[in-house]
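Remarks on the structure that follows.
Each value in this text was obtained by applying a stated rule to the coordinates, not by laboratory testing. Keep in mind that what you see is a predicted model, and the values were worked out from it rather than measured. No Cβ is skipped: glycine too gets one built from the backbone with ideal geometry, and neighbour counts run over all protein chains shown.
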Amino acid sequence: MRTIAVVEDDPSMLQGLFRLLSAHGFRVLRFSSAESFIDSVDQCEAACLVVDIHLGGISGIDLKRRLTYSGSDFPVIFMTAVDNEATRQEAIDAGCVAYLRKPFLANLLIEAIDRVV
Amino acid sequence: MVSRVFLSVVVLFLAMTGEAFSEPKRVLLLHSFGRDFAPWSEYARTFREELNRQSSDPIDLYEASLATARFPDEEEGPFVEYLRALFTKHRLDLVVAIGSPAVGFVQRHRQELFPSTPAVYTGVEQRRVSYAALTTNDAVIAINNDFAAVVENILQVLPETTDIIVVIGNSPIERFWAEQLRIAFRPFEKRVTFTWFNELSFEEMLKRAATLPRRSAIFFALLSVDAAGVPHEAGKALDRLYAIADVPIFSESSVFFGRGIVGGPLNSISALSREAASVSVRVLAGETPGDIKTAPIGFSAPKYDWRELQRWEISEDRLPAGSDVDFRVPGIWEQYRSQVTVGLAVLLLQAVAISWLLFERSRRRIAEEEASNRRREVVRLNRVVTANVLSSSIAHELNQPLGAILSNTEAAQIMLKSNPPDLAQIGEILGDIVRDEQRASEIIVGLRNLLNNRTAADLQHFDLNETVQEVVRIVTPEAARRKILLSADCTSDALPVRSDPIHLQQVIINLAMNGMDAMEDCKEGPRKLEIQTQQNAESGMAEVAVSDSGKGIPDQDLTSVFDAFFTTKPHGTGLGLPIARTIIQTYGGTIWAENRNNSATFCFKLPLVNPESESIGRV
């Protein structure tokens with residue numbers, strides 16, 4: 001079973017994604033902040049990381065940069081509720097499989113995951 | 001007292017000198033009917049005045065009345081005796097007879113009474129003087145009454161007149177004049193009907209005069225003795241007639257002018273008496289009376305009583321050229337011209353002032369309305385700008401629940417396809433969807449409030465603490481985005497205020513955004529924004545303080561930050577704080593800035609209100 005990690009500080013959104021991905025047959029690891037993900041990154045078996053850009057503490061983009069810096073090449077799918085050109089560019093520069101604007105249709109997410117998993 | 005003594009001395013001295021240099025001239029004034037019988041009384045009065053005025057010698061005046069004119073049957077003998085007794089010792093210098101009965105008497109008894117005394121006959125119509133019987137010792141100053149002119153005058157001023165009633169008595173002299181009048185009136189008989197009252201008693205005359213038809217006129221000729229043999233003073237008779245008759249009254253005698261007659265050509269008493277006095281003085285000075293010839297004095301220029309003209313609606317256009325109009329009652333305008341002018345001017349000025357004030361008032365109201373509209377629009381634009389600044393935060397807030405809803409919905413769709421579907425799970429999902437949907441709605445409502453124009457109808461009573469909480473909800477995402485620690489420290493006391501909650505929300509958002517902007521460049525230390533509320537029960541105010549942890553405001557700028565276009569931000573409008581101040585002042589509050597611990601704090605206070613009380617403000 002493919003495992004997906006979701007980092008999202010909005011509990012409602014996190015719950016929704018969990019249900020959606022579970023319904024699609026994924027195993028879902030939920031994190032409410034970048035920090036909590038980093039704490040357990042070593043044990044993480046996730047094949048793909050779905051992360052919100054605007055997190056309370058370390059942002060999603062910073063998390064990706066840190067992962068890259070520490071030599072991890074987790075495929076990352078960015079989500080954001082605030083779409084602007086600067087953020088999008090930043091996300092692409094940091095490296096990502098997909099950049100999704102909330103709200104997004106499930107098949108966009110699933111297709112992105114399917115590309116990497 | 002002194003002056004009176006002095007006056008007496010002067011009078012005495014004058015009397016003595018008069019006595020010493022010239023004997024007083026003894027003059028007998030002989031009246032026809034009596035001293036006070038009009039119209040002769042008037043001749044006599046003016047003659048006395050004129051004589052005294054014109055004579056340089058003192059005049060010793062005796063007066064006597066011919067009773068026989070009043071009582072025709074009376075014997076003249078006793079009166080002749082009386083006069084003879086009176087004037088045998090005192091030689092007379094002049095006899096003046098007034099009126100034709102007196103003239104006739106003097107002429108008849110001249111030889112026995114005053115054979116050598118000069119005589120002046122006046123107050124008499126020329127037709128009553130027997131010129132043939134005059135001696136060289138007699139002078140006549142007569143009048144000439146043109147009775148036709150009297151009727152012509154009536155028909156001139158009242159052309160519609162059909163009846164003329166002639167009031168005249170029945171004494172011998174009146175009978176004579178009645179005859180003269182008939183002759184003079186004959187040419188008019190085709191045009192008007194003449195009614196003669198000479199055979200009536202005066203009471204009878206009054207009775208008939210009271211019921212005269214319209215278009216009648218009374219000619220008051222003379223009334224000395226009526227047909228019943230009752231003597232009348234003509235002036236008083238005219239007064240009674242005037243009081244009872246409802247038709248215009250005419251007379252040729254100037255004596256009656258002003259006593260109710262309309263007027264017209266009148267014989268002139270003043271001219272007659274002046275002339276008679278002048279002749280008398282000449283005679284007293286030694287001139288031979290027979291040598292002094294004077295032409296009979298005719299009517300003077302027509303004269304009318306304005307009051308009667310008004311009463312009978314006689315237009316002044318109808319009056320003959322050169323007429324005088326006396327007794328004009330000045331209208332309000334003539335009488336109070338200056339007062340009326342001033343009054344009207346004051347009224348006019350007042351009216352102008354009032355209209356101007358009304359005009360100014362409406363202009364002011366329009367201007368106020370316009371200013372109010374502008375202010376409202378600026379305030380709204382400020383909210384739009386604020387909303388714009390907050391838009392990414394708001395979008396984030398809105399997209400979060402929308403994203404959750406979409407994910408949940410699609411998860412549920414998949415679950416429904418499984419067999420059997422996990423209905424408990426789906427129910428949970430639907431519950432979450434409802435909750436997220438509400439969350440999104442709230443944000444949209446809040447945003448709409450922020451962007452909408454506000455009206456006075458949006459005034460509400462509410463707790464200021466709620467507004468602060470609302471602002472915290474709106475600004476939190478933005479603070480989070482900027483990594484600013486936002487905290488609210490609200491008092492547990494209620495802060496009831498009355499205003500448009502959106503306006504206060506706007507003020508607090510403005511202050512919060514300003515605070516966050518102020519900390520933009522602060523690298524060191526935690527960035528904190530704190531909103532505090534408290535109740536000041538003593539002053540009855542609710543206070544809100546928004547404090548940041550920035551560098552503070554230079555002391556000299558603490559006031560000017562509220563001025564329009566004062567801004568330190570590259571993209572600021574410089575309108576946020578002035579607008580905040582406008583709003584706060586509108587609701588009766590004050591707003592100020594201060595530095596606390598080297599950082600800026602913006603405070604405002606608003607009056608606490610009893611929810612029942614009313615205080616209206618408009619933005």
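Each residue of the range B:320-327 is assigned a 3J(HN,Hα), and the resulting list reads x, 4, x, 6, 9, 10, 9, 6 Hz, derived from the Karplus form 6.51 cos²θ - 1.76 cosθ + 1.60 (θ = phi - 60°), x at Gly and Pro.
Exposure proxy shown here: for B:Asp563, B:Asp432, the number of other Cβ atoms within 10 Å sets the order, fewest to most, as B:Asp563, B:Asp432.
Among A:Ala81, A:Ala98, A:Ala46, which one shows the biggest mean-square fluctuation in a GNM of chain A, springs joining Cα atoms closer than 10 Å? Top of the fluctuation ranking is A:Ala81. For the range B:301-389, the alpha-carbon radius of gyration amounts to 2.66 times the rule-of-thumb value 2.2 N^0.38 Å expected for a compact globular protein.
Listed by chain and number, the lysines placed with their C-alpha closer than 30 angstrom to that of B:Lys190 are B:Lys207, B:Lys303; residues fewer than eight positions away on the same chain are left out. Sorting B:Tyr43, B:Tyr82, B:Tyr587, A:Tyr69 from the fewest to the most surrounding beta carbons within 10 angstrom yields A:Tyr69, B:Tyr82, B:Tyr587, B:Tyr43. Note on chain B: dipole from Cβ charges, positive end direction compared against B:Val230, B:His503, B:Asn267; the farthest Cα belongs to B:Asn267. Shielding value for A:102-109 is 5, the average number of Cβ atoms from other chains within 10 Å of each residue's Cβ. Look at the dipole of the protein assembly as shown built from charges on Cβ: of B:Ile314, B:Leu358, B:Gln534, the Cα furthest out on the positive end belongs to B:Ile314.
Averaged over the residues of A:5-18, the number of partner chain Cβ atoms lying within 10 Å of the residue Cβ comes to 5. Sorting B:89-98, B:114-123 by average packing, meaning the other beta carbons within 10 Å per residue, from highest down gives B:114-123, B:89-98.
Under the rule a/c < 1.5 gives rounded, and otherwise a/b versus b/c splits prolate from oblate, where does the range B:72-127 land using the Cα gyration tensor?
Values: a/c = 2.32, a/b = 1.20, b/c = 1.93.
In terms of gyration-tensor shape, oblate.
Counting only Cβ charges, +1 for Lys and Arg and -1 for Asp and Glu, the dipole size of the range B:483-537 around its Cα centre is about 80 debye.
To check you understand DSSP bridge types, tell me what percent of the beta bridges within the range A:3-116 (both residues inside) are antiparallel, rounded to 5. Could you put the intermediate results ahead of the total?
Values: 0 of 17 bridges.
Beta bridges within the range A:3-116, antiparallel portion: roughly 0 percent.
Using the Kirkwood radius over Cα pairs, work out the Stokes-Einstein diffusion coefficient for the range B:14-143 at 4 °C and 1.567 mPa s, in µm²/s as a whole number. Write down the numbers at each step before the final one.
Details: Rh = 15.3 Å.
So the translational diffusion coefficient is about 85 µm²/s.
Put simply, the C-alpha atoms of chain B give a gyration tensor, and the ellipsoid matching it has half-axes of 124, 33, 19 Å, longest first.
How large is the dipole of chain B about the Cα centre if only Lys and Arg carry +1 and Asp and Glu carry -1, each at its Cβ, rounded to the nearest 20 debye? Intermediate values should be presented prior to the final figure.
Details: 64 positive and 79 negative charges, 191 e Å.
Charge dipole, chain B, about its Cα centre: 920 debye, nearest 20.
Compared with the dominant Cα axis of chain B, that is its longest principal axis, helix B:576-586 is turned about 50°.
With N counted as the residues of the range A:3-116, its alpha-carbon radius of gyration over 2.2 N^0.38 Å works out to 0.95.
Provide, for q = 0.08 Å⁻¹, the log10 of I(q)/I(0) from a solvent-free Debye sum over equal Cα point scatterers in the protein assembly as shown. Reported log10 I(q)/I(0), two decimals: -0.81. Along its principal axes, the range B:455-619 has C-alpha extents of 49, 32, 29 angstrom, given from the largest down. Placing unit charges on the Cβ atoms only, positive for Lys and Arg and negative for Asp and Glu, gives the range A:3-116 a dipole magnitude near 260 debye about its Cα centre.
As a footprinting exposure proxy, order B:Leu158, B:Leu86 by other Cβ within 10 Å, with the fewest listed first. Don't skip to the end; give the middle numbers.
On the way: B:Leu158 20, B:Leu86 14.
Sorted ascending by nearby Cβ count, the order is B:Leu86, B:Leu158.
P(r) for the range B:113-158, from all Cα pairs and a bin width of 5 Å, is 5, 17, 20, 16, 11, 9, 8, 6, 4, 2, 1 %, short bins first. Rg and Dmax over the alpha-carbon atoms of the range A:78-117 stand at 10.3, 28 Å. Put +1 on the Cβ of each Lys and Arg and -1 on the Cβ of each Asp and Glu in the protein assembly as shown; which of B:Pro401, B:Val471, A:Ala5 then has its Cα farthest toward the positive end of the dipole? The listed residue farthest towards the positive side: B:Val471.
Over every pair of different alpha-carbon atoms in the range A:1-67, take the mean of 1/r and invert it; report that Kirkwood radius in Å.
Details: mean 1/r = 0.0847 Å⁻¹.
Over the range A:1-67, the inverse of the mean reciprocal pair distance is 11.8 Å.
The C-alpha atoms of chain B define a longest principal axis, and helix B:501-518 lies at about 50 degrees to it. Remark on the range B:337-456: Rg and Dmax equal 32.0, 113 Å (Cα only).
Summarise the partner chain shielding of A:77-83 as one whole number: the mean count of Cβ atoms from other chains within 10 Å of each residue's Cβ.
Working: counts 0, 0, 2, 4, 12, 11, 4.
Mean number of neighbouring Cβ atoms from other chains: 5.
Each of the peptides B:227-234, B:329-336 was scored by the mean count of other Cβ atoms within 10 Å over its residues; in descending order, highest first, they stand as B:227-234, B:329-336.
For chain B, the longest principal axis of the Cα atoms and the long axis of helix B:100-113 meet at an angle of about 30 degrees. Beyond 21 Å in Cα-Cα separation lie the following of the pairs A:Lys102/B:Lys417; B:Lys528/B:Lys551; B:Lys483/B:Lys528: A:Lys102/B:Lys417. From its DSSP helices (H runs of at least four residues, each -39,500 (n - 2.57)), chain B gives a residue-normalised ellipticity at 222 nm of -16000 deg cm²/dmol.
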